[in-house]
Amino acid sequence: MQAHTLFDQATANRRGFRDVTPAAVAELRGAHVVDVRQPGEFNDTLGHVPGAVLVPLATLGEAARGWDPAAPVVLVCRSGARSGNAAAQLVAAGFTRVMNMAGGMMAYRAAGLPAES
């Protein structure tokens, strides 16, 4: 699925971003997938979404300065809490197509989806 299509079909969140399922992220094409965990978590037993880039939450604001605020972006963490905070941060910074992977890598792995470590 294309990122723009997924955003349009995703569940609106009262914090200004959209929530997407791990299964939808696994099938996603053409989106910037950003993992906001710490480096040790990115390569731990949960692993990470294939193709995701690591941008720890504390560095997100600085890293996002170079991103297109109109382009789709999916935020990922361990459980969905940190990535939800990251998504809200991007919305506040003017990003318009922000998605959070509900349940994080715990839900992604529980669904048996492929991960890298």
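So is LEU90 under 21 Å from GLN2 (Cα atoms), within 13 Å of the chain's Cα centre (by Cα) and either modelled with pLDDT of 95 or more or in a helix (DSSP H, G or I) (or both) or not?
So LEU90 fits the description; yes.
Being open to solvent by less than 70 Å² (accessible area, probe 1.4 Å) and without any contact (Cβ under 8 Å) to a residue 40 or more places away in the chain is the filter here; which residues of the stretch 7-32 pass it?
Answer for the stretch 7-32, where residues must be open to solvent by less than 70 Å² (accessible area, probe 1.4 Å) and without any contact (Cβ under 8 Å) to a residue 40 or more places away in the chain: just ALA24.
Regarding VAL49, is this residue buried (at least 19 other Cβ atoms within 10 Å of the Cβ), within 14 Å of the chain's Cα centre (by Cα) and within 15 Å of GLU116 (Cα to Cα)?
yes
Just give me the residues in the stretch 72-110 being out of contact with any Asp or Glu (no Cβ under 8 Å at 6 or more places or on another chain), of a type in the set (Val, Ile, Thr) and crowded, with 22+ Cβ neighbours inside 10 Å, in sequence order.
VAL73, VAL74, VAL98
Sort out which residues of the stretch 36-60 are part of a loop (DSSP other than H, G, I, E, B) and small (Gly, Ala, Ser), and write them in order of number.
GLY47, GLY51, ALA52
Assigned to a strand (DSSP E or B), on the phi < 0 side of the Ramachandran plot and under 11 Å from the mean Cα position of the chain (by Cα): is that true of MET99 in this structure?
Yes; evaluated as a whole, the condition is true for this residue.
Run down PRO69, PRO56 and say which single residue is surrounded by 12 or more Cβ atoms within 10 Å (Cβ to Cβ) and in contact with a Phe, Trp or Tyr (Cβ under 7 Å, 6 or more places away or on another chain).
Just one listed residue meets the conditions, PRO69.
All but one of (1) of a type in the set (Val, Ile, Thr); (2) within 19 Å of ALA115 (Cβ to Cβ); (3) not in a loop (DSSP other than H, G, I, E, B) hold for THR5; state the number of the condition that does not hold.
(2)
With respect to LEU113, is the statement that it is surrounded by 15 or more Cβ atoms within 10 Å (Cβ to Cβ) and touching a residue at least 40 places away in the same chain (Cβ under 8 Å) true?
In short, yes.
The values are calculated or read from the model by the stated rules, or taken from the named source; none is laboratory data. In this text, all values refer to a predicted model and were calculated from it rather than measured experimentally. We place every Cβ from the backbone using ideal geometry, glycine too, and count neighbours over all the protein chains shown. Note: accessible area is taken over every heavy atom of the protein model, side chains too, but ligands, DNA and RNA are not part of it. Shrake-Rupley method; radii C 1.70, N 1.55, O 1.52, S 1.80 Å.
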